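Have a look at the structure below, then the notes.
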Amino acid sequence: MESDSNPQPADAASAAEAPAHDPTEVRYLTPEMCRIHLGSHGALHATVLNDRIYGGVYAAYAFPVAHSDEFISLIHSGGDGDEKEIGIIRDLKAFPEDQAALVRAALQRRYFIHRVQRIHQIGWKYGFVRLDVETDKGHIDFLMRWKTDRAVDYGRRGKVLIDVSENRYLIPDLAALTPKEQQDFRRIIYW
Amino acid sequence: MELPPDLAGRAAVEGVRVEEAWLTTRTDLNLHGQYEPVYLLVEADRLVTLGQPASPDEPALRISLQREHIQEVRTRQGIGGGFLEARSEGVYVEILAYSNALADVFQKVAAKLKLWIAAEKPQVGPEDDFNPRTCPVCGMALEFKGDVCRRCINRGAVFVRVLKLMRPYAGKAALMIALVLVAIGLSLVPQQLVRLLINHVLAPGQAHNPVLAEDVARMYLLGMVAALLGTHVLIAFTSVLSGRLASFVGTQITFDMRSRVFGHLTRLSVAYYDRYNVGQLMSRVVGDTEQMKGFVHQLTGGFLAQLITVAAVGAMLFSLDWRLALITLLPAPLVVLSAVFFWRRIYPRYYRVWDANSKLHGVLNTILSGIRVVKAFGQEEREQDRFARSSGYVRDSFRGVEYTVTMFNPAIGVLFQLGGILVWFMGGQWVLRGRLNLGDLIAFLGYLWMFYNPLGHLTQLTNWLTQFLTATQRTFEILDTRSQIVEAERPKPLAQRGGGIRFEHVTFGYNRHEPIIKDVSFEIAPGEHVGVVGKSGSGKTTLINLLARFYEVDDGRILLDGEDLRDLKLDELRRTVGVVLQEPFLFRGTIYGNITYGQNETDPEKVLAAAKAANAHDFIIRHPLGYDTYIGERGSGLSGGERQRISIARAILYDPKVLILDEATSNVDTESEQLIQAALRRVTAGRTTLAIAHRLSTLKDSDRIVVVDDGRIIEQGSHEELLAAKGVYYRLVKIQTELSREPAVDSLASMTPKPT
């Protein structure tokens with residue numbers, strides 16, 4: 001495997017005369033010029049045509065609320081600890097399914113967020129707000145501080161709750177909850 | 001931590017030397033971002049992760065990395081969690097994932113692994129399993145790192161400490177409580193007088209009560225009315241007295257507590273402020289101490305008074321007629337339930353109203369403040385819609401509350417009346433049958449309201465108690481914290497103030513397990529000017545933090561004029577070592593007051609001289625009020641360069657033998673920098689000076705430049721010597737020359753290194 005100071009070319013043809021892309025411009029990664037694959041120890045790699053192989057890449061949403069399957073940034077951590085954006089995937093669906101799956105898995109790893117499906121109970125305990133919820137990761141009972149910065153807007157309809165351990169719980173659309181759940185929730189998380 | 005036995009067995013089969021592992025820990029997530037216990041084991045020469053296999057065919061071993069293949073270990077923050085990563089063959093590999101609940105634990109693990117890959121011996125102990133985000137006793141998550149566990153608070157002990165605080169005011173507090181009891185006792189009297197008045201004067205002859213002669217009845221009437229008046233006057237009088245006493249004791253205890261907390265905070269070391277942010281501490285000093293006043297008010301007019309009132313009135317009801325008293329109790333649960341309903345369901349709706357109002361204010365403020373932008377982009381209609389949405393939210397929130405309240409209040413009124421109606425119905429029949437006096441019935445009805453009202457309020461007791469105990473415990477926690485910087489029992493005086501400094505094998509880390517300064521030794525002669533250079537995070541500022549004794553070294557020692565800093569009187573150390581910081585901190589007050597900060601005696605002539613030397617005089621004198629100009633918080637009203645020059649004037653006046661300059665010119669424009677540099681040249685003349693600067697041009701005239709990297713001194717020498725050595729310093733100069741077009745920096749590289 002290459003070191004960052006000696007980048008390994010994506011392939012022999014694409015290697016040598018790699019024109020450095022202008023860092024002030026957005027580089028959109030397309031399936032024609034970018035291949036996403038796994039390297040050693042399962043690290044995510046991105047091979048960019050006329051550039052190089054980037055090892056140890058992670059993915060981040062540019063617009064997690066408005067465009068959750070589009071505008072995904074691929075970021076590479078250099079050996080000096082500096083992080084640089086390789087480029088942005090405008091539409092993940094344009095990539096072959098196996099590559100798109102790798103990006104989605106990377107996003108799932110980076111965004112450790114519980115998606116709340118049901119609110120069984122919301123109330124007070126020891127001066128905290130206590131929520132007993134059903135999430136995509138199972139049934140969870142958590143405590144959060146009753147402060148506006150602990151329940152922040154997610155778009156115009158949702159909320160992200162942050163518990164005392166800084167774990168995150170997403171309610172994508174409050175209107176999708178049952179009327180009773182909405183009423184109970186609004187009673188305490190009124191903002 | 002130990003592996004579960006079955007997993008340990010599988011791991012051994014797969015070649016993991018479980019017994020030889022010097023570090024075993026568990027995370028809560030797998031690398032797919034799903035909850036699953038995954039174990040990290042570190043052997044002498046390899047790290048592995050292990051997870052319970054889903055089937056017998058699957059391996060338990062997830063990742064295996066040889067130490068020799070790892071160049072670096074780090075944690076990377078994700079959203080809601082993080083990763084422990086190793087750089088292997090130039091690529092960062094995710095070793096494991098963890099949720100935010102374990103972020104602190106894995107930061108410690110990363111620090112130990114860094115030592116491990118450097119072939120150093122990390123220490124592992126039970127304290128490493130300590131997670132500051134959870135209660136060490138019950139494991140409950142805490143509100144913030146190191147906070148009080150609300151479940152484990154020793155409520156009794158907190159109360160005892162609060163009561164002890166009242167000791168200096170014990171006499172007044174006792175009198176206050178006595179007055180409260182008297183007031184409660186007196187509040188029971190009017191109904192008794194009414195009872196007597198009706199039974200013996202106004203409606204005699206029932207239930208075998210004797211009929212009085214008219215004159216006697218008139219006398220009784222006058223006496224009763226006078227007694228009623230007297231009772232009410234007495235009640236008012238005791239209320240005034242107890243209220244004033246409560247105010248005196250409450251505000252005084254709050255004042256005492258606030259002064260003690262603030263005094264203690266100023267004595268705590270800088271390390272304490274690394275753990276808690278200023279906002280939290282402010283809320284403790286201002287908000288939490290205010291709870292003391294609340295406690296005293298709860299004794300006089302709050303829960304204690306209400307509790308005693310309920311008990312006293314209840315006793316009175318039963319003494320008048322136990323059967324009617326039992327009937328009275330019938331609606332009591334409904335009263336309690338309706339109070340609970342109000343506090344839980346209706347009161348929170350007011351929050352929405354407040355929130356809606358505050359949002360409306362915010363929207364209005366934004367639109368009106370940015371009206372030029374709105375007009376410039378022709379967005380009046382869009383903003384009109386935005387305002388209408390906010391205004392509509394206020395309207396709907398108000399409606400929601402008012403519709404509910406207009407229904408709830410009459411309903412609760414009926415409920416309260418229900419008790420009265422039942423008493424009227426049963427008691428009325430008993431009066432007609434001669435089993436009960438009319439006066440008794442009327443008195444009963446009077447007591448009824450005194451009984452129901454406090455019942456409703458008492459439902460809030462537990463909420464208040466939790467809030468009070470938590471806030472008070474937080475306050476006590478500050479008072480119980482010991483400063484890490486303690487003065488020696490018998491501090492030595494400085495025999496001479498030459499300003500000679502020596503670091504001897506100094507090692508230090510803000511977290512003990514993560515050294516920032518590693519075995520550093522160097523010496524600075526009295527009057528020598530030393531520049532400290534290095535990348536961000538290399539340990540430059542830490543070196544000067546140690547020299548100013550803001551922190552205590554973990555190993556080694558720092559000598560000032562031959563004396564260990566720890567043996568010196570803190571006052572004397574502060575007088576000898578002066579600091580000019582990157583962010584000059586000015587306090588609210590006059591410019592004169594800020595320059596003379598830290599001086600017991602001030603002399604206007606010296607202040608003028610110091611300001612002149614600091615190139616501050618000219619801009620100060622241009623202000624209409626000159627040195628008496630009042631500046632706001634943190635020096636608002638002055639530019640960054642002006643603030644810095646005032647802080648330099650302060651340092652000149654302070655006249656320390658050792659001067660520390662921490663990026664003193666990094667936040668100012670070029671013109672200000674030149675003025676400041678000129679001032680610094682004057683102030684540093686004849687003083688031992690230790691200067692940190694990112695702009696290397698400002699250090700080139702130093703007697704010596706020390707290059708720090710990763711907590712160690714890797715190069716030192718004069719500017720010319722270091723350029724000639726073509727090492728790290730040379731590279732830093734080259735980078736700055738390429739990045740900056742400032743002549744000062746350009747001139748650095750163009751200098752021809754002198755042959756050494």
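The values are calculated or read from the model by the stated rules, or taken from the named source; none is laboratory data. Bear in mind that the values here come from a model prediction, so they are computed numbers and not experimental data. So basically every Cβ, Gly included, is an ideal-geometry build from the backbone, and we count neighbours across all protein chains shown.
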* Mind telling me which of the residues B:469, B:455, B:479, B:543 ends up being in a helix (DSSP H, G or I), in contact with a His (Cβ under 7 Å, 6 or more places away or on another chain) and either of a type in the set (S, T, N, Q) or in contact (Cβ under 8 Å) with a residue 60 or more places away in the chain (or both)? => B:479
* In the range B:412-437, which residues are in contact with a helix residue (DSSP H, G or I) (Cβ under 7 Å, 6 or more places away or on another chain), modelled with pLDDT of 85 or more and either within 17 Å of residue B:453 (Cβ to Cβ) or aromatic (Phe, Trp, Tyr) (or both)? -> B:423
* Answer yes if at least one residue in the range A:97-110 is over 28 Å from residue B:102 (Cα atoms), assigned by TED's automatic domain parsing to the domain that holds residue A:34 and surrounded by 13 or more Cβ atoms within 10 Å (Cβ to Cβ), and no otherwise. => yes
* Asked: Name the residues in the range B:1-52 that are among the polar types (S, T, N, Q) and closer than 20 Å to residue B:66 by Cβ, would you?
  -> B:24, B:25, B:49
* Asked: Quick one: is residue A:92 at pLDDT 90 or above, out of contact with any helix residue (DSSP H, G or I) (no Cβ under 9 Å at 6 or more places or on another chain) and surrounded by 15 or more Cβ atoms within 10 Å (Cβ to Cβ)?
  -> no
* Output the residue which, of all residues in the range B:563-572 that are in a helix (DSSP H, G or I) and either among the hydroxyl-bearing types (Ser, Thr, Tyr) or modelled with pLDDT of 85 or more (or both), is surrounded by the most Cβ atoms within 10 Å (Cβ to Cβ). => B:565
* Structure fact -> If we keep only residues of the range A:54-72 that are part of a strand (DSSP E or B) and surrounded by fewer than 22 Cβ atoms within 10 Å (Cβ to Cβ), then the residue farthest from the other protein chains (Cβ to nearest Cβ) is A:70
* **Residues of the range B:549-562 that turn out to be at negative phi and buried (at least 19 other Cβ atoms within 10 Å of the Cβ), as a count** => 4
* To do: Write out, first by first residue and then by second, each pair whose Cβ atoms fall under 6 Å of each other, whose residues are 6+ apart or on separate chains, and whose first residue, in the range B:390-415, is in a helix (DSSP H, G or I) while the second is among the acidic types (Asp, Glu) and loosely packed, with under 15 Cβ neighbours inside 10 Å.
  => none
* **Within the range B:8-49, tally of residues that are more than 20 Å from residue B:82 (Cβ to Cβ) and more than 14 Å from chain A (Cβ to nearest Cβ)** => 18
* Is it true that some residue in the range B:392-404 is at pLDDT 85 or above, small (Gly, Ala, Ser) and loosely packed, with under 13 Cβ neighbours inside 10 Å? -> yes
* To do: For residue B:341, indicate whether it is of a type in the set (Phe, Trp, Tyr) and either surrounded by 19 or more Cβ atoms within 10 Å (Cβ to Cβ) or in contact with a Leu (Cβ under 7 Å, 6 or more places away or on another chain) (or both).
  => no
* Asked: Counting only residues that are part of a strand (DSSP E or B) and of a type in the set (S, T, N, Q), which one in the range A:76-127 is farthest from residue A:178 (Cα to Cα)?
  -> A:77
* Asked: Residue check, residue B:703 against (1) under 20 Å from residue B:503 (Cβ atoms); (2) surrounded by 19 or more Cβ atoms within 10 Å (Cβ to Cβ), all met but one. Which one?
  -> (2)
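Let's see how each residue does on (1) crowded, with 22+ Cβ neighbours inside 10 Å; (2) outside any loop (DSSP other than H, G, I, E, B):
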{"residue": "B:27", "(1), (2)": "yes, yes"}
{"residue": "B:36", "(1), (2)": "no, yes"}
{"residue": "B:39", "(1), (2)": "yes, yes"}
{"residue": "B:48", "(1), (2)": "yes, yes"}
{"residue": "B:58", "(1), (2)": "no, no"}
{"residue": "B:62", "(1), (2)": "no, yes"}
* To do: Among the residues of the range B:631-661, count how many are more than 26 Å from residue B:549 (Cβ to Cβ) and over 31 Å from the mean Cα position of the chain (by Cα).
  => 3
